[in-house]
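Heads up: the structure comes next, in C-alpha cells.
The values are calculated or read from the model by the stated rules, or taken from the named source; none is laboratory data. Here the structure is a predicted model, which means the values were calculated and not measured. Cβ coordinates were reconstructed from backbone atoms using ideal geometry, including for glycine residues, and neighbour counts include every protein chain displayed.
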Amino acid sequence: MGWTTVPNVYRAGRKSLPVWASSLTDADSATRQFWPMIAEHGVGYNLIVPEKVTPARARALRRSFNAIWARDLRAPAAAGRLYVIDMSRFAALQPQSAHGASRFTPSTITLLIRDPHTGALTPVAILVAGYQGRGEKLFTRAGATDGAWLYALQAAKVSITVFGIWLGHVYHWHLVTAAMQMTMFNTLPTGHPVYQLLAPQSKYAIAFDDVLLSLWADIAPPTSIATSAEFLQLADDYGAGRSFFDDDPKVTLAQLGLREADFTGKTPWDRYPVVQHLLTMWDLVETYVTSYVRATYGSDASVAADGSLQTWIATSAATDGGNIRGLPEMDSRAALAGVLTSLLYRVTVHGISRLSATSNPALTFVANFPQCLQRTDIPDPRARLDTKTLLTYLPNTGTIGQALSFYFTFVFSTPYEPAIPLGGVGTDLFFPGGPDDARNRALITLRKGLAAFMHDYQPDAPQLFQWPRNIET
Ligand SMILES: [Fe+2]
C-alpha cells in the first residue's frame, strides 16, 4: 500500500487495514470482501461486470463447472441468483516480462451467488487459465485449500482490474469519445450550436489518447499489456460488434440482466454504489442535454434539416470516418439528445477518476485491485499455499510503486480546467445570451449537481475544483 499523510489518506485507511490485510491471509474474510470491494470502489474502472446467469448461459457454463454444478449451482441458477464475472477474454493475452519479472493477466470466470436478503454476491467457484486456456484449473471455495482459494480470488481480481483499466475506463470513456470529437471538429463550423455544446468538453481527449499510445512504456500502469499495439488489439476485439449505445450504463445493466430490485435495500442501487454513482452522473448530463436540445431545436424537423449535424453523424458512422456502429437516424430531438447525452456523459463521468476517494485508500492498497500476477504458473487447487508463497504471485514492490504513481497522477495533480469554474458556477458560460439563456441555466444546474455530488462523495473534502471539464488523463 502507499498512503500519504499529506493529505492524510493514512488516517482514512487505517481502520480498514486489518480487514484488507486479512484478504491475503483469511479465506473467509477474502471471500466476504470480494464483491463489496468491486461494488463500492470500482467507480473509476466503470465496473459494471457481473452478469446474471440465464438458462442459455447456464448450459454453456455447466461444461466448465460440471464437477459442482448439480450440488452447488443448479438451484441458485434456477432461482435467478447465480451470477458470472466472465474475464475469459484474457486468454488472448500472452504473459509479458518487465523489469526482470513476469506480468500475467489470467483468464478467469468467477461464479457468485446472490443472497436474497442482503443482496451480497459471494464467489463460490473460479476457473483460472493462461494464454489460450493453458493450465486451466477450477478452484472452488468448498474444494480448494484456503491458500489456493486466496490465490484464485487474487487472480480474478487481477483480470477484473485489467478489464477496468483498459476496457471499463479507457475503452468506454476515451476511445469512442475521441472518435466522435474528431469527427465533430472535422465537420461542424465553430459557430454551430452543437459545436458550442461539445467543444468546451472536447479539448484534451484526442491528444491524451495519442500520448498514451506513444509513450506507453513510460506512462501506462503496470498491467501485462506491454505495448500500445497489444492494447489496440484488445480494444478492437472488445469493440467488434458493439454499438454506440452499448457503452451507456443503463444499456449495460439491461444486457447483463442486473435489476435494480436485486441491488436495492433502501434507495435505488444502494447495494451497488458504483452503479448508483454512474447513474447519478447519467441523470445530471441527460437533464442538461435535454434542456439544451429543447432550447436549440424548435422541432424534430429542424434537427432533420440541420445539414452540418447530418454530416457529423454520417462521418462518425462511416467506416472511413469514425467507424462507429449504431448511431441513430438524426431525425428527431430525442435522437439528438440520446447521442449527445451518451457522449457528454462519458466525458463528465470520467472526471470522477480524479477525486481522491476514487483511489484512496482502497485502490492504493494494491492487493484490493492488483494490476498483474508476477508468476505465470497456476497452482493446484489442493496445494498448500502459505502467505509467503501467495505473495510471490502478487505485485512486487516495483509494480506497487508504478500502480501508486498511476493513481497519484490522477488524484494529486490539478486539472487544466475544472468542470466548476474557479469563479463559480455562473462564470465561463458556454453559450451566448448570458446567465438567463436557457442553455446556460441548464449548464449552471449541471455544475450545481456536480458540486452536490462531490459533497456526498467526499463529505470531508469535496474537492470542488478537482473534477476536470475534459478528459485530460
Ligand atoms: Fe482516463
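A few comments on the model shown:
- Flag for Asp209 being assigned to a helix (DSSP H, G or I), within 14 Å of the ligand (Cβ to nearest atom) and charged (D, E, K, R): yes
- Pair list, Cβ under 7 Å, 6 or more apart: the range 346-359 residue within 11 Å of the ligand (Cβ to nearest atom), other residue part of a helix (DSSP H, G or I) and polar (S, T, N, Q): Arg346/Thr177; Val347/Thr177; Val347/Gln201; Ile352/Thr358
- There is at least one residue in the range 251-270 that is more than 26 Å from Ala56 (Cα to Cα), in contact with an Asp or Glu (Cβ under 8 Å, 6 or more places away or on another chain) and buried (at least 19 other Cβ atoms within 10 Å of the Cβ).
- Here Tyr407 does not qualify as within 16 Å of the ligand (Cβ to nearest atom), under 28 Å from Met180 (Cα atoms) and either in contact with a His (Cβ under 6 Å, 6 or more places away or on another chain) or not in a helix (DSSP H, G or I) (or both).
- Matching entry among Ala442, Ala461 (being more than 16 Å from the ligand (Cβ to nearest atom), part of a helix (DSSP H, G or I) and either at pLDDT below 95 or more than 21 Å from the chain's Cα centre (by Cα) (or both)): Ala442
- Qualifying positions in the range 221-232 - without any contact (Cβ under 8 Å) to a residue 60 or more places away in the chain and touching a helix residue (DSSP H, G or I) at 6+ places or on another chain (Cβ under 8 Å): Thr227, Ser228, Leu232
- Taking (1) within 13 Å of the ligand (Cβ to nearest atom); (2) modelled with pLDDT under 95; (3) of a type outside the set (Val, Ile, Thr) in turn, Asp218 satisfies each apart from (1).
- Meets criteria (closer than 25 Å to Gly42 by Cβ, within 16 Å of the ligand (Cβ to nearest atom) and modelled with pLDDT of 95 or more) for Ala152: no
- Within the range 410-431, being exposed (fewer than 15 other Cβ atoms within 10 Å of the Cβ) and within 24 Å of the chain's Cα centre (by Cα) holds for Phe412, Ser413, Thr414, Tyr416.
For (1) buried (at least 22 other Cβ atoms within 10 Å of the Cβ); (2) of a type in the set (A, V, I, L, M, F, W, C); (3) closer than 21 Å to Ser107 by Cβ; (4) touching a residue at least 12 places away in the same chain (Cβ under 8 Å), each residue gets a yes or a no:
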site	(1), (2), (3), (4)
Phe163	yes, yes, yes, yes
Val176	yes, yes, no, yes
Gln181	yes, no, no, yes
Phe185	no, yes, no, yes
His192	no, no, no, yes
Leu197	yes, yes, no, yes
Ser202	yes, no, no, yes
Ala205	yes, yes, no, yes
Asp210	no, no, no, no
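- Residues of the range 9-33 satisfying the condition of being in a helix (DSSP H, G or I) and among the acidic types (Asp, Glu): Asp28
- Residues being more than 22 Å from Thr280 (Cβ to Cβ) and among the hydroxyl-bearing types (Ser, Thr, Tyr) - total across the range 423-472: 1
- Filtered residue count, the range 224-234, keeping only those that are in contact with a Phe, Trp or Tyr (Cβ under 7 Å, 6 or more places away or on another chain) and either part of a loop (DSSP other than H, G, I, E, B) or of a type in the set (A, V, I, L, M) (or both): 4
- Complete set of residues in the range 34-57 that are in a helix (DSSP H, G or I) and crowded, with 18+ Cβ neighbours inside 10 Å: Phe34, Trp35, Met37, Ile38, Ala39, His41
- Hey, Leu73 more than 24 Å from the chain's Cα centre (by Cα), buried (at least 17 other Cβ atoms within 10 Å of the Cβ) and over 28 Å from Arg384 (Cβ atoms) or not: no
- Only one entry in Ile160, Ile109 is away from the ligand (no atom under 16 Å from the Cβ), outside any helix (DSSP H, G or I) and within 26 Å of Phe365 (Cα to Cα), namely Ile109.
- For the residues Thr311, Thr319, Thr389, Thr290, the requirement of being out of contact with any helix residue (DSSP H, G or I) (no Cβ under 8 Å at 6 or more places or on another chain) and either surrounded by fewer than 20 Cβ atoms within 10 Å (Cβ to Cβ) or at pLDDT below 95 (or both) singles out Thr319.
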